[in-house]
Every structure is written in C-alpha cells, then in structure tokens.
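As structure tokens, the structure follows; a few thoughts come after it.
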Amino acid sequence: MEVAERLGLGTVPGRGLPPAFEDLFRKEYARVVAIAHRVVADADEAEDVAQDVFVSFYRKHPAEAHYAAPWLYAAAAHTALNVLRSRERRGKRDAVEAVRRDTQMPDPAQAAETAETRSEVRAALGRLPDRSAALLALRYSGLTYEEIAAALGLRQSSIGTLLRRAEDAFRKEVTK
Amino acid sequence: MSDIEEMLSVSEPKTDTERALARLRARVDAERIAPVSRGLSAPRRVAVNIWVRGLAAAATVALVATLLTVSGLAETILTIFEPKQLVAVPITSTDLNSAASFGAYGTLTWTEQPKPYDVPDIRTAARESGMTVLTPSNLPQGVGAPRYGVMPKTTATFTFSAAKTTQAAAAQKRTPPPMPANIDGSKLFITGGPAVVAFYTDATATTGATGATGASGASPFSGMPKLIVAQGKPPVVQSDGVTVDQLQSYLLAQPGISPQLAAQIRAIKDPSSTLPVPIPVDMATSKKVTVQGVEGIFVGDSTGLGSAVIWQKDGIVYGVAGTLTEQQVLAVANSLH
C-alpha cells in the first residue's frame with residue numbers, strides 16, 4: 001500500500017480506479033449517457049459529457065456516497081445543457097451538423113430535415129430556465145418522479161406541477 | 001407518445017461501458033486526476049457539520065434567549081415581544097452543550113407546525129408568504145439560479161411546568177432553583193414567520209443541484225448552497241402574565257447558563273423590541289455593519305467557509321449567507337430590492 005493510502009489520503013493517481021468507483025461507473029454509465037443524449041441529441045457528445053460527469057464526481061465525491069446516482073443524473077442534465085448552449089452560441093450550422101451526425105436515416109433529404117427540426121427543438125430546450133430544462137431531460141430519459149426529486153433536490157409532490165409548467169414553457173419556446 | 005416525447009426523441013444510444021471505462025482510466029492516468037481525498041476533505045466536512053450543528057443548536061438557544069426577553073409592562077396580562085432591532089449574543093459551545101433544552105421547562109405545543117415547502121417561482125413565494133420578496137441585483141460570479149422555499153406562519157404555545165423541570169433536572173442529576181409559583185402553569189404564545197428562503201446553487205459545480213438543502217429538506221447532497229437569501233416576519237411572543245424580570249431571574253439562574261451568557265442577556269437594554277442573535281463564538285465572529293441603511297450584524301465563520309449578514313427593516317428580518325467573502329455577502333445584501 002502506498003504511503004498516501006496508509007495515511008488515508010486516498011488512492012494515488014495513476015494506479016487505476018477504485019473498485020467501488022468502477023462498479024458505480026458500470027451501473028450508471030448507460031443512464032448518464034442516455035440523459036445527456038436526450039439533451040444534446042448527439043451520441044458522441046453525450047459520451048463526452050458522461051466522461052466529464054464521472055471525472056467530476058471522482059474528484060469530489062466518494063464512490064460509496066448514497067447520493068451518487070442522483071448526483072450523476074443531475075450533473076448529466078446540467079452539463080449537457082451547458083454543451084447545448086455553447087453549441088447554439090457557435091451558430092445554427094454547427095448545431096444542425098452535430099444533430100445530423102446522430103440522425104441515421106437512409107434518405108439524406110429526410111435526415112437533413114429531421115436534423116434541422118431536432119436542432120431547433122434543442123435550441124428551445126437550451127433557452128428554458130435550467131431547472132425546467134433539467135426536469136424535461138430527466139423525465140423524458142425515463143426517470144421516475146422520485147428519482148427526479150432526489151436528483152434536483154425537490155419535493156416529489158411538486159414534480160408533477162413543475163413538470164407541467166416546464167412542458168408548457170417548452171411548447172411555447174418551440175413555437176416561437 | 002406525447003408531443004414532447006416526440007420532440008425530444010433521439011436514436012437509441014449504443015454504449016460500450018467497458019470501452020468507456022477504459023477511456024476514463026486512461027484519462028485519469030494521463031491527467032493524473034486524484035480521487036476525492038478522504039483525509040484532506042474530512043476537515044472541511046467536519047467544519048461544515050459543526051457549522052450546521054452549531055446553527056441548529058443556536059436556533060434552540062435563540063428561542064430560549066428570545067423568550068428570556070419577553071417583556072412588557074409589569075402587571076399587564078398580555079405581554080408582547082415584537083423585535084425592532086437585533087443584537088448579537090455570543091454563546092460558547094459550553095453554553096450550547098450544558099443549557100437544558102427548552103423542553104425541560106415545560107411543554108411546547110405547535111398549533112401550526114413549521115412546515116417549509118418548495119415553490120416553483122418568486123411570484124408564488126410572494127403570494128403564499130404575503131410579503132414582497134426582495135431579490136439581489138448583484139450576484140457574485142459562480143452563483144447560479146435561485147430556488148424558493150416558503151415557511152408558512154407558525155404558532156406554538158409553551159406551558160411552563162414545575163413538575164417537568166424537577167423531573168428533567170433529576171435525570172441530569174442537577175438541582176435547579178425552584179420554579180416560582182406564578183411561572184408554573186403560565187403560558188407563552190409564540191408566532192413566527194411567514195418566511196421565504198431563496199437557495200442559489202453553485203454555478204461552478206457541474207450540477208446545479210449540489211447544495212439543495214433547507215426548505216426542501218430532502219436533498220441527498222452533502223454540500224451547501226452557494227448563497228441563501230432569507231426574509232421573514234420576526235417572532236412575536238405573548239405571555240399570559242409572567243413578566244420578563246420574573247422569567248429572566250428564573251431562567252438565568254439555571255445551572256446550564258454561564259454567568260457570561262446571563263450578563264449578555266441582562267445587558268440588553270430594550271428587551272421587548274430586541275431580537276438576540278446567538279453567535280457561536282467558537283466558530284464565528286460578529287460585528288456591526290450598515291446594510292440597506294440600517295444597522296445589521298455580520299457573522300463570519302471562523303473556519304473561513306462562509307459569512308452571513310442579518311438585519312431588520314420595516315418589520316422584516318433579512319438574512320444573506322453563503323460560502324462567500326464578507327465583501328460579496330454585503331454587496332448582495334445591499335443590492336436587494
């Protein structure tokens with residue numbers, strides 16, 4: 001055992017990941033990617049987001065933390081929203097191109113049209129307040145009200161109302 | 001499929017978890033990323049815990065201290081305590097640990113329990129609290145979006161009981177002074193709130209949810225919000241006959257109250273309109289500051305983790321606290337409008 005480990009200073013960098021962290025990664029990776037993918041609509045970008053989220057968790061939190069899963073879900077949604085917004089800032093062409101990579105359709109014209117629609121929808125999602133956008137991302141990635149409440153630090157009883165408001169705001173934003 | 005589900009639909013992502021894990025291992029290795037260090041992070045966690053526990057204990061002492069200041073004109077039947085100003089009362093951890101909880105002197109019955117809850121936005125917070133909710137125009141960098149919680153008006157009745165006091169003292173092998181006959185069975189009617197609390201997340205963290213504590217009370221996160229802005233109606237205490245002098249003489253003579261704390265409380269010049277703000281001296285320092293044109297109390301956490309300012313204006317007590325510097329906290333407080 002390394003001296004640093006003996007002193008309780010944690011695992012030495014470069015010596016592999018702690019088993020508990022690897023277990024957590026295996027258990028939650030697909031879900032973290034799915035949440036990020038729902039937001040950015042680009043599988044490669046979603047995997048990049050998931051990598052950043054797990055690195056961030058690894059730096060700051062013990063793998064055994066009881067809040068690990070909700071933390072990862074919330075972080076996936078928020079990090080993906082940040083990526084989405086910075087993509088929108090770079091311009092519409094970049095945004096459409098990112099989504100197009102992910103739009104696998106045999107007909108190129110149809111793929112282009114779908115990519116454009118998906119990109120516009122994402123732009124609308126990015127314009128919503130953070131909490132509303134995160135609520136939609138988590139809910140439409142299949143999380144239960146209980147899981148959303150834990151991830152966003154909200155009361156489970158208020159999720160339904162907040163979600164409906166977020167959906168209304170989203171519809172308005174899309175049709176703007 | 002709902003319209004939103006359709007709008008947000010994406011192709012099914014194909015993930016290769018083992019390949020992704022290998023990528024993460026390589027990155028952690030290449031960038032020499034260290035995991036959370038238990039040894040190094042412990043003091044911060046302990047400090048935060050002490051701070052939070054200190055505040056909880058301080059709240060109990062605040063109630064005792066507030067009740068000690070129940071004032072009024074002698075011989076009146078209803079005595080009203082309605083604070084117009086604040087005063088810092090330094091308390092030590094010995095005071096916190098040795099002072100008997102208020103429950104040792106009688107029974108507290110809630111008529112309206114303190115039940116804080118989340119509200120979706122500031123307008124709902126204003127409507128449900130009946131107050132104009134102030135917001136800061138100046139937010140330091142790194143402070144994210146706010147989330148609002150409302151604490152409705154809370155009322156409670158406290159009934160002094162000599163029998164209960166004797167019992168509690170016996171359990172702790174203490175000999176308290178006998179409770180005067182006119183205090184035994186007398187009642188205090190306490191009203192607090194409503195209050196509104198805005199929790200601002202840490203925008204520099206990867207998640208906006210890291211610090212959600214407090215009003216929601218259900219957060220699984222161990223951290224604190226970056227900034228808290230609170231406002232509420234101060235507590236009002238009415239008595240069915242006992243005067244402040246009688247209560248002070250009795251309660252300040254209790255074995256748990258240090259002579260220093262007793263002297264601090266006795267020194268309050270106008271107890272009927274002064275709200276004592278307990279400052280845990282082992283953990284924090286305090287000083288008078290001017291905020292929003294009135295005198296307030298600045299509290300600095302001596303571990304360097306955070307600071308707070310509290311003041312009262314136009315019948316409302318305001319507080320701004322956060323893991324920020326004194327300058328930042330005061331700038332936020334002065335920008336409330």
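Determine the alpha carbon to alpha carbon distance for each of B:LYS187/B:LYS313; A:LYS60/B:LYS226; B:LYS84/B:LYS187; B:LYS233/B:LYS288; A:LYS172/B:LYS153 and list only those over 25 Å.
Numbers: B:LYS187/B:LYS313 29 Å; A:LYS60/B:LYS226 16 Å; B:LYS84/B:LYS187 23 Å; B:LYS233/B:LYS288 21 Å; A:LYS172/B:LYS153 36 Å.
Exceeds cut-off: B:LYS187/B:LYS313; A:LYS172/B:LYS153.
Hey, can you rank B:25-34, A:54-63, A:147-156 by average C-beta count inside 10 Å, highest first? Before the final figure, lay out the partial values.
Details: B:25-34: 13.9, A:54-63: 19.6, A:147-156: 23.2.
Going by the mean number of other Cβ atoms within 10 Å, highest first, we get A:147-156, A:54-63, B:25-34.
For A:ARG127 and A:ASP107, what does the FRET efficiency come to when R0 = 45 Å and r is the distance between their Cβ atoms, rounded to the nearest 0.05?
0.90
Could you work out how much longer the chain between B:ALA22 and B:ARG266 gets when fully extended? Use 0.36 nm per residue separation minus the Cα distance between them, nm to one decimal. Don't skip to the answer; put the middle values down first.
Numbers: separation 244, 0.36 × 244 = 87.84 nm, distance 6.70 nm.
My answer for the length gained is 81.1 nm.
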Next on the checklist: Give me the base-10 log of I(q)/I(0) for segment A:17-175 at each q in 0.17, 0.18, 0.20 Å⁻¹, Debye formula, one uniform scatterer per Cα, rounded to two decimals.
Outcome noted: -0.98, -1.07, -1.23
Checklist outcome for this item: Stretched fully, the stretch from B:ALA253 through B:ALA145 gains (0.36 nm per residue minus C-alpha distance, one decimal, in nm) 34.1 nm
Next on the checklist: What distance in nm lies between label points placed 7 Å from Cα along the C-beta direction at A:THR117 and A:ASP168?
Outcome noted: 2.6 nm
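Kindly state, to the nearest 0.05, the FRET efficiency for B:THR111 paired with B:ASP3, given R0 = 41 Å and r defined as their beta-carbon distance.
After rounding, the FRET efficiency stands at 0.30.
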Next on the checklist: Between B:THR290 and B:THR159, what is the label-point separation in nm under the 7 Å Cα-to-beta-carbon projection?
Outcome noted: 5.0 nm
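Where a number appears in this text, it was derived from the coordinates with a stated rule and is not lab data. The shown structure was predicted, so the numbers you read here are calculated from the model rather than taken from an experiment. Virtual Cβ from ideal backbone geometry, glycine too; neighbours counted across all protein chains shown.
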